[in-house]
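The structure appears right after this line, and notes come after that.
The values are calculated or read from the model by the stated rules, or taken from the named source; none is laboratory data. Computed from a prediction, not measured in an experiment: that's the story for all the values here. All Cβ positions, glycine included, derive from the backbone under ideal geometry; neighbour counts span all protein chains shown.
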Amino acid sequence: MPNVMIRKNDAGDLLFYVAKKDMEETIASVELDNAEQWGGEVELTDGSRWYIDPISPPPAFPTTLRFKRGDE
Amino acid sequence: MSALTREETQALIQEVLEVYPEKAKKDRAKHLAVNDQSVEQSKKCITSNRKSLPGVMTVRGCAYAGSKGVVWGPIKDMIHISHGPVGCGQYSRAGRRNYYVGHTGINTFGTMNFTSDFQEKDIVFGGDKKLDKLISEIEGLFPLSKGISVQSECPIGLIGDDIEAVSKKQSKALDKPVVPVRCEGFRGVSQSLGHHIANDAIRDWVIGNRDGDESFQVGPYDVAVIGDYNIGGDAWSSRILLEEMGLRVVAQWSGDGTLSEMELTPKVKLNLIHCYRSMNYISRHMEEKYGVPWMEYNFFGPTKIAESLRKIAAAFDETIQANAEKVIAKYTAEYEAIIAKYRPRLEGKKVMLYVGGLRPRHVIGAYEDLGMEVVGTGYEFAHNDDYDRTIKEMGNATLLYDDVTGYEFEEFVKKVKPDLIGSGIKEKYIFQKMGIPFRQMHSWDYSGPYHGYDGFAIFARDMDMTINNPCWKKLQAPWQQPADQEAAPLAASA
């Protein structure tokens, strides 16, 4: 369950940054991304999958959230 | 383009790896790569930030070096205690040439060494009492210091001293920040973790100090220069360009920087990051907590400076954007004259770099402005995100080497035969004795500044006087020189 900082890059894409691992990836898709809630299954451009319980209302980025690995 | 093709470079790597035993070969192969600009993510071609294995020679530093030497050390109005045995502080004292203004020993302490000088009894009985006494003595002798940081050396973590408790107690007693930093040298694989630990200590003990204090007059054009350590005056030659643009530089991190500047940084409009590797952590934190955006820039060489000035200006209004163009126009004649003077002398020369932090990629533009070509580059302690940024800057089929060993670097140089090597003091004399011109790119070989337009003039002069120095033709005794050749070029004797 790593702490992940989510921030927007210049192009407006969401970046998924794990400080401990120095991993920074672009988020390819988010399961739930609407006015009421944000979260669920998150897929990154490198193909890895992560999960977070949907947050309502959607958080303001940048922010730090706790994710689970998608396969757990 | 590079002189070597992709296949030749690949073959060169294989050849160099040949001497290693099977296991070491497999491990080292992951750290050496041929650059391919089409690769999006560096982790597909190069492995970085891994532990150096015993038996191979590495030039990496330790976490203490990353924290005391790089991030905290240059903060001039604080006293940084090297807590532990005397050597770590003394042998690194003032070696990095972080210039500053002030009266050393009165209100600034940059070049001084403060240490608790651990003895056997401190290891056996613990050193907390000594630290406590030391801090009281510092306060008596140097009352104008604005704060104290306790930089742990290895034994502190090993014997389990509680430096946090001492710091808290003394901070209260002195009414000054006393910052415990857990940067024991054995942590992590290189100095890189020291940067991270130092950033976290700043986050926990410094950044929040002025929350809720609105007495600082904020302006619309406030910026902070982050990750510029003022080596040889770098931050000053960068700062004047930003100020000429109409921006107000509130803080310099951490070259010629002060504690209060750092405390005020969360109030700026934009953080400008030069050394991404050592200070991205705190910038990310400020973005998250205070909503201060950050941006990387590059002040090496006129092409990159103009690019960066425009990029910085784009974050502000039209006045600043117009000013940026004015600044670029103002210096155009100056840098064109420099290029006209030195480019004919340096055109086509090949350079190999092996440094740390940001320089293996940032200085490429400056060399290219002089018509030179970087044929190999590598970092001591980079992570994948640094290589992501490097791949685009480097030409195709050039060499990339991570945490290169002494043997590999020498072999690469023998085969690639560059005209100049830019690396550190540990490499300098080996390559000079091999007859290859060399510049230290950590300390600018006691020259500098190299940042900004003013720095570019010095950079160009230094590269010229190194490469075109007549001494390189005198390396072979006259009677050993072939008769048909006046002066054998370099590497003939190597």
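Miscellaneous remarks
- Subset of the range A:19-34 (residues that are farther than 14 Å from A:Gly70 by Cβ and within 14 Å of chain B (Cβ to nearest Cβ)): A:Ala19, A:Lys20, A:Lys21, A:Asp22, A:Met23, A:Glu24, A:Thr26
- Residue-level check: of (1) under 26 Å from the mean Cα position of the chain (by Cα); (2) over 27 Å from B:His442 (Cβ atoms), B:Cys88 misses just (2).
- Residues of the range B:34-47 that are polar (S, T, N, Q) and facing chain A (nearest Cβ under 9 Å): B:Gln41 alone.
- Yes/no for B:Ala366 being part of a helix (DSSP H, G or I), hydrophobic (A, V, I, L, M, F, W, C) and not assigned by TED's automatic domain parsing to the domain that holds B:Ala198: yes
- Residue count for the range B:24-55 under the criterion of being under 23 Å from the mean Cα position of the chain (by Cα) and modelled with pLDDT of 90 or more: the result is 11.
- Cross-chain or 6+ apart pairs with Cβ under 7 Å, the range B:433-447 first and assigned by TED's automatic domain parsing to the domain that holds B:Tyr367, then buried (at least 18 other Cβ atoms within 10 Å of the Cβ) and of a type in the set (Phe, Trp, Tyr): B:Gly435/B:Trp472; B:Pro437/B:Trp472; B:Phe438/B:Phe431; B:Trp444/B:Tyr450
- Output for the range B:272-304, where each listed residue is outside any helix (DSSP H, G or I) and within 13 Å of chain A (Cβ to nearest Cβ): B:Gly291, B:Val292, B:Pro293, B:Trp294, B:Met295, B:Glu296
- Each residue in the range A:52-72 was checked for being touching a Gly at 6+ places or on another chain (Cβ under 9 Å), within 17 Å of A:Tyr17 (Cβ to Cβ) and either more than 14 Å from every other protein chain (Cβ to nearest Cβ) or aromatic (Phe, Trp, Tyr) (or both), and 1 of them qualify.
- Counting only helices (runs of 4 or more DSSP H) that sit completely within the range B:1-115, those holding 1 or more residues that are closer than 24 Å to B:Val375 by Cα correspond to B:6-17, B:22-29.
- With respect to (1) within 18 Å of A:Asn3 (Cβ to Cβ); (2) within 12 Å of another protein chain (Cβ to nearest Cβ), the lone exception for A:Gly39 is condition (2).
- Members of the range B:90-124 that are without any contact (Cβ under 8 Å) to a residue 40 or more places away in the chain, touching a helix residue (DSSP H, G or I) at 6+ places or on another chain (Cβ under 8 Å) and of a type outside the set (Val, Ile, Thr): B:Ser92, B:Asn113, B:Phe114, B:Ser116, B:Asp117, B:Phe118, B:Asp122
- Residue satisfying all of: in the range B:384-410; part of a loop (DSSP other than H, G, I, E, B) and not polar (S, T, N, Q); nearest to the other protein chains (Cβ to nearest Cβ) among these: B:Asp403
- Considering B:Tyr281, B:Tyr331, the condition of being modelled with pLDDT of 95 or more and of a type in the set (Ser, Thr, Tyr) is satisfied by B:Tyr331 alone.
- Search result, residues across the range A:42-51 that are within 14 Å of chain B (Cβ to nearest Cβ) and of a type outside the set (Ser, Thr, Tyr): A:Leu44, A:Asp46, A:Gly47
- Pair list, Cβ < 8 Å and 6+ apart or interchain, from the range B:180-199 residues that are within 18 Å of B:Ser254 (Cβ to Cβ) and within 12 Å of chain A (Cβ to nearest Cβ) to residues that are among the charged types (D, E, K, R) and assigned to a helix (DSSP H, G or I): B:Ser192/B:Arg277; B:His195/B:Arg277
- Scoring B:Val189 on the criteria (1) under 22 Å from B:Ser92 (Cβ atoms); (2) part of a helix (DSSP H, G or I) leaves a single failure, condition (2).
- In the range B:217-271, residue nearest to B:Glu296 (Cα to Cα) [restricted to those that are among the basic types (Lys, Arg) and assigned to a helix (DSSP H, G or I)]: B:Arg239
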